[in-house]
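**Student:** So that we are looking at the same thing, I have put the structure below in structure tokens.
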Amino acid sequence: MDTILECHGLTKFYGSGVCALNQINLNVGRGRIVGLLGPNGSGKSTFMKLAYGLLTPSLGDLSIAGFPVGPDTKEVVSYLPERTYLNDWMKVRDLIAFFRDFYTNFNEAKAYDMLSRLNINPNDRLKTMSKGTKEKVQLILVMSREAQLYLLDEPIGGVDPAARDYILNTILGNYNENATIIISTHLITDIEQVLEDVIFISRGEIIMVSSVDQIREEKGMSVDALFREVFRC
Amino acid sequence: MLKKLLKYEIRATARLFLPVFGAILLLAILNNIFFNFNDIPDFAAVLTMMLYVILIIALFVLVYVVMIQRFYKNLLRDEGYLMFTLPVRTWQLIASKLIVSIMWLAICTFVTVLSVFIMAFSLDLLREIPEFLRQLSDFLAHYVGISEVTLFFEFVFLMLIGTIGSVLMIYAAISIGHLVGKHRVLTAFGAYIGLSIVEQIITNLYFSLVGRIYDHTIPYGSYGAYQFGYGAYDFAREFVGAMHMIVIPTLIITVIFSVVYFILTNYILSHRLNLE
């Protein structure tokens, strides 16, 4: 299997001594759609932020496409954080120009196409948009990059169910077959249909890595049902 | 990439400064009209003058507020998620913020000077200009040589580096605040005070060392061949010589501090980044 993301002994402590990730070893192959699933506070966002270099690992190492995380990997990874990271005074049109200027792999036509399908006016400012619309804009910007690895942290949390389907189809329909998508979420039913692999994470440790087919065949249940069983409170 | 960062940094800050520049220049013109056409200042004249002074003060407060906000909010808060996901080097992010801050400081100074000229402008003043230029060139020809010109540029350079150093000290303090998990802003304030004290102590030690070196190398009462006939001219020469001896070591240590702050900020943001 050709690997896109690889980590060994990846550990992250936060200042107050909290261990957010503990000795994570993981290999993710190219061309997969992977669900990073776990309850709140299990370390999903921490993992995403480490993979993009927004956090510094306490121990262990992490490489993407063979390079340690750093300026070299930023060109090949497209990251959607769980928060609004765009300033609110720019118009959508300006943001697209911003992405086009900085990322050589940004596909402007694709971005405008997705905007029009979701009825978002490129001349609107983010200030005037609802939370869900802002999330859509961010997702469009991130998915319009022709990257090798997409890290989507809670991509559909604030979006209405009708748009969710469209967005999931967009994710599936608009990316290169060799690229890998890692989606972190706890909205499993909505996303289960598109997933190929799942990683279950709990309290900073990986408790299961499996393909969705394997779960269905061996355990005879859906990912959602398995998740509820594994993480029963 | 630095060019693109600069472009967006200027765009993000210009929208804050340009309206203030416009208001200041407009008030300067109004003040000029009141000066020239009113013999006795009335209420409106006093009011526009007050507004003008308040705006000038506000402008320089704004420069520093924007400088800190653009570094802290744009890099270390939510917007940092975007800035640090760009395929640029960390030093380019810091440099873009620094260059644009210095640029606005220079432009603010220029606008302030310009506004004073606008207020003072009158036809009488215009008539005085040729005479002033003649006297100035006279002065330059008689009293200003290579040494004075060098000194002038040394001063300009010192001011520039000094400003860069003071901005970088703020950046370094904010970055040190970023090293702790909680109370980052408070830590940054503490770090700023701490850095100021350390800088003061090192500067004092440095200058006592420089003084000793001078004591041993330069004979007392002579900085060159000016012992013949001791007039005002020679005194000025000696004064310029002494100024060189102060300005050059000051320049050296200011450059060193700036470089240290830049390296420290770059190290923290590259290797100790932990966005909330």
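The values are calculated or read from the model by the stated rules, or taken from the named source; none is laboratory data. All figures in this text were calculated on a predicted structure; none of them were measured in a lab. For neighbour counting, all protein chains shown are included, and Cβ atoms are generated from backbone atoms with ideal geometry for every residue, glycine included. Ligands, DNA and RNA are excluded from the accessible area calculation, which covers all protein heavy atoms including side chains. Shrake-Rupley method; radii C 1.70, N 1.55, O 1.52, S 1.80 Å.
**Student:** What translational diffusion coefficient, to the nearest whole µm²/s, does segment A:3-230 have by Stokes-Einstein, given a Kirkwood radius computed over alpha-carbon pairs, a temperature of 10 °C and 1.306 mPa s viscosity?
**Tutor:** Details: Rh = 18.2 Å.
Estimated diffusion coefficient is 87 µm²/s.
**Student:** Can you pull out the trypsin sites (Lys or Arg not before Pro) in segment A:7-48 whose DSSP state is coil and whose Cβ has at most 10 other Cβ atoms within 10 Å?
**Tutor:** Numbers: sites: A:12, A:30, A:32, A:44; in loops: A:30, A:32.
Qualifying residues, ordered by number: none.
**Student:** Dividing the alpha-carbon Rg of chain B by 2.2 N^0.38 Å yields what? Write out the running numbers ahead of the final one.
**Tutor:** Details: Rg = 24.0 Å, N = 276, 2.2 N^0.38 = 18.6 Å.
For chain B, the normalised Cα radius of gyration comes out at 1.29.
**Student:** Quick one: which of A:131/B:97; A:12/A:110; A:49/A:127; B:7/B:182; A:12/B:3 span more than 31 angstrom between C-alpha atoms? Before the final figure, lay out each step's value.
**Tutor:** Values: A:131/B:97 29 Å; A:12/A:110 37 Å; A:49/A:127 26 Å; B:7/B:182 33 Å; A:12/B:3 35 Å.
Listed pairs above 31 Å: A:12/A:110; B:7/B:182; A:12/B:3.
**Student:** With Cβ to Cβ distances under 15 Å as the rule, what net charge do the other residues near residue A:145 carry (K, R +1; D, E -1)?
**Tutor:** Working: positive: A:74, A:100, A:110; negative: A:75, A:101, A:108, A:113, A:146.
Once positives and negatives cancel, what remains is -2.
**Student:** A follow-up question, please. What share of the DSSP beta bridges in segment A:3-230 is antiparallel, in percent to the nearest 5?
**Tutor:** Here the share of antiparallel DSSP bridges comes out near 55 percent.
**Student:** Give me Rg over Rh for segment B:138-205, both radii from the alpha carbons and Rh done the Kirkwood way, two decimal places. Let's see the in-between values first.
**Tutor:** On the way: Rg = 18.9 Å, Rh = 14.6 Å.
Checking Rg against Rh, the ratio lands at 1.30.
**Student:** Need one value for A:84-91: mean number of C-beta atoms belonging to other chains within 10 Å of its residues' C-beta atoms. It would help to have the intermediate numbers written out before the result.
**Tutor:** Values: counts 4, 10, 4, 6, 1, 2, 3, 0.
Counting Cβ atoms of other protein chains within 10 Å of each residue's Cβ and averaging gives 4.
**Student:** Next question, about the same structure. In peptide A:8-19, what is the residue-averaged number of other protein chain Cβ atoms found within 10 Å of each Cβ?
**Tutor:** Values: counts 0, 0, 0, 0, 1, 1, 2, 5, 2, 1, 1, 0.
Mean number of neighbouring Cβ atoms from other chains: 1.
**Student:** Please report the net charge: other residues with Cβ closer than 14 Å to the Cβ of residue A:6, K and R +1, D and E -1. Spell out each step's value before the answer.
**Tutor:** Values: positive: A:30, A:32; negative: A:2, A:61.
In short, 0.
**Student:** On to the next question. Report for the protein assembly as shown the percent antiparallel among DSSP-assigned beta bridges with both residues inside it, nearest 5.
**Tutor:** 55 percent
**Student:** Need the C-alpha centroid separation for segment A:1-22 versus segment A:58-105, integer Å.
**Tutor:** Centre-to-centre (Cα) distance: 20 Å.
**Student:** Other chains' Cβ within 10 Å of B:83-93 residues: what's the mean? Could you put the intermediate results ahead of the total?
**Tutor:** Working: counts 2, 8, 14, 8, 11, 3, 2, 2, 0, 1, 0.
Mean shielding count: 5.
**Student:** Per the 1.4 Å probe, what fraction of the accessible area of segment A:148-187, in percent, lies on carbon and sulfur atoms? Kindly include the intermediate steps, with their values, before the conclusion.
**Tutor:** Numbers: 690 of 1470 Å².
Carbon and sulfur: 47 percent of the exposed surface of segment A:148-187.
**Student:** Could you identify which residue out of B:132, B:257, B:153 has the top mean-square fluctuation in a GNM of chain B using Cα springs shorter than 10 Å?
**Tutor:** Comparing B:132, B:257, B:153 in a Gaussian network model of chain B, the most mobile one is B:132.
**Student:** Same structure again: Just the number please: accessible area per residue for the protein assembly as shown, 1.4 Å probe, all protein chains included, in Å². Let's see the in-between values first.
**Tutor:** Numbers: 26190 Å² over 509 residues.
Spelled out: the 1.4 Å probe surface of the protein assembly as shown, per residue, equals 51 Å².
**Student:** List the aspartates and glutamates whose alpha-carbon lies under 13 Å from that of residue A:219, not counting same-chain residues fewer than 8 positions away?
**Tutor:** List returned: A:229.
**Student:** What are the membrane-span-like helices in chain B by this rule: whole DSSP H runs, Cα extent along the axis at least 20 Å, mean Kyte-Doolittle hydropathy at least 1.6?
**Tutor:** Working: long enough: B:2-37 (49 Å, 1.08); B:43-71 (42 Å, 2.43); B:90-120 (46 Å, 1.87); B:123-143 (30 Å, 0.06); B:146-178 (47 Å, 1.72); B:184-217 (48 Å, 0.72); B:232-271 (58 Å, 1.33).
Long hydrophobic helices here: B:43-71, B:90-120, B:146-178.
**Student:** With a 1.4 Å probe, what is the total accessible area buried between chains A and B, in Å² rounded to the nearest 100? Don't skip to the end; give the middle numbers.
**Tutor:** Details: alone 11260 and 17480 Å², together 26190 Å².
When A and B are taken together, about 2500 Å² of accessible area is lost.
**Student:** Just to confirm a number: summing +1 for Lys and Arg and -1 for Asp and Glu over residues other than residue B:254 whose beta-carbon lies under 12 angstrom from that of residue B:254, what do you get?
**Tutor:** Numbers: positive: none; negative: B:154, B:199.
With Lys, Arg at +1 and Asp, Glu at -1, the net is -2.
**Student:** Report, largest value first, the span of the C-alpha coordinates of segment B:58-180 along each principal axis, in whole Å.
**Tutor:** The Cα atoms of segment B:58-180 stretch 60, 36, 26 Å along the principal axes, largest first.
**Student:** Oh, and also: Could you tell me, in Å, what Rg and Dmax come out for the Cα atoms of the protein assembly as shown?
**Tutor:** In order Rg, Dmax, the Cα atoms of the protein assembly as shown give 30.5, 108 Å.
**Student:** Follow-up. For the pair residue B:209 and residue B:186, what calculated FRET efficiency results from E = 1/(1 + (r/R0)^6), where r is the Cβ-Cβ distance and R0 = 41 Å, to the nearest 0.05? All intermediate terms of the calculation are to be shown ahead of the outcome.
**Tutor:** Numbers: r = 35 Å, r/R0 = 0.86.
With R0 = 41 Å, the Cβ-Cβ based efficiency is 0.70.
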